[in-house]
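Note sheet for the following structure.
Values quoted throughout were computed directly from the atomic coordinates according to the rules given, and no laboratory measurement underlies them. Treat the numbers as computed from the prediction; the structure is a model and nothing was measured. A quick note on method: Cβ atoms are made from the backbone with ideal geometry, for glycine too, and the neighbour counts reach across all protein chains shown.
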Amino acid sequence: MGILFNTVSICQFMVVGDQPAKDLYEWASDRLSKSSFNSIENTTDEVSSGWVHLDDANENSFASPRAFWRDHYLVFTLRRDQRRVPSAVFKAYLKNAESEFLASHPGMGRVPKQKREELSEAMRAALFAKTLPVPSTYDVVWDTHSGLVTFASLSPKVIELFENHFKNTFDRLRLLMLHPFSRAERVLRNDLKPDLLKANRASTGDVLSLIHDNQWLGWDFLLWLAYKTMNQSSEYVVNQPGPAQEGAPFVAYLNDRLVLLGEGDGGVQKISVVGPQDKFSEVRTALKNGKQITEATLYLEMEEHQWKITLRALMFHFASFKSPSIKLEKDNITDEADEREAAFYERMYVLEEGLQLFDSLYAAFLEIRLGKSWTDEEKDIRQWLESV
């Protein structure tokens, strides 16, 4: 699903490096054009990837502002086309080619290694020529004000492809994944940031260490949310910048599905608890026995609007992020292009509002987790778990 769909899976990055102070449009237009997608439909190439328009995956020209410029957003799509020949088909054709070669060379008992490689390459090219490439597209939204990039895929291979393409396209810039620790640095008040640094369990400052050595952030966040959902008020207030007004109340709670992991007699055990939760009895038993919540369905509600997110604790990836439906006022919309732009702005408004609520919730948790009140909060949580 693309970024314009009501439900989308996304991850976020921070852009670091030297951006041009002026002529951002011309700079981005030039970079995107040089790394735009080239079709392989009339070739025998196996794979091709590059940038196309958000609104039309067949368009790869970035010469006009409307192609990728939306106020303070840069919007584009990574397209990857790949030909795939089933392994069984390739092996069958290669076997026939080898049999024909041996029939024409009766003195040989088997095909020499070099000749077999030549036949393999020739057969692959012949099959590719008969096979249409299959396209895949992944949307990108770069907020140049906040420095955040939102990417519409959670596949590790696709994320790696995107990071490499972004780095090669925008020289002197790179992407840093927004994971639980880096998001904490972003949402925390300045007076609490020293406490976060003290709580940092990473042995080094590299990204992998910050993620894996600080898994406690995601675990404790979801544990705290489960406890708050069942025992205390689920009401919070907006404390982060964004579309919603600061101080506005909202509701946040877990429900429907939780995934827990932990060590068992046979190794790592995974428990999925599905369906509306009454008292979280099964979840509490698993937590009591040393499991950790690694994934959960999170609901965020403000007035009549609701956001539903499958939150993955390790990276804070947002799977199946469902936002309120958008409604366009078409009185001032004159053509299809205007309608697409209006839909984009409305879509980004509700998506960013949901992310603003999530960041406000995370900041509220961090204030407790890093403060002196966590000792009492943790004690209450343990008593709740023991009462199963």
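Here are some notes:
- When peptides 71-81, 112-122 are ranked by their average number of other Cβ atoms within 10 Å per residue, the highest-first order is 71-81, 112-122.
- The alpha-carbon atoms of the stretch 115-192 define a convex hull whose volume equals 164 cubic angstrom per residue.
- Relative contact order, whole percent, for the stretch 212-386 stands at 23, derived from Cα pairs under 8 Å and 6 or more residues apart.
- Axis angle, to the nearest 10 degrees, between helix 87-104 and the longest C-alpha principal axis of the chain: 20 degrees.
- Per-peptide packing, taken as the mean over residues of other Cβ atoms within 10 Å, places 343-354, 5-16, 197-208, 92-103 in the sequence 343-354, 5-16, 92-103, 197-208 from highest down.
- Rounded to the nearest Hz, the phi-derived 3J(HN,Hα) couplings of the stretch 112-119 under the Karplus curve 6.51 cos²θ - 1.76 cosθ + 1.60 (θ = phi - 60°) are x, 4, 5, 5, 4, 5, 5, 4, where x marks glycine and proline.
- Computed over the chain, relative contact order equals 18 percent, with contacts defined as Cα pairs under 8 Å that lie 6+ residues apart.
- When the C-alpha to C-alpha distance is required to be over 22 Å, the pairs from 157/193; 167/308; 193/379; 279/372; 270/322; 193/372 that qualify are 157/193; 167/308; 193/379; 279/372; 270/322.
- Cα-projected label distance for residue 373 with residue 100, points at 7 Å along beta-carbon direction, nm: 7.7 nm
- Proxy reagent accessibility, fewest Cβ within 10 Å first, across 193, 372: 372, 193
- Structure-derived Rg/Rh (Cα atoms, Kirkwood Rh) - corresponding label in (1) 0.99; (2) 1.26; (3) 1.06: (3)
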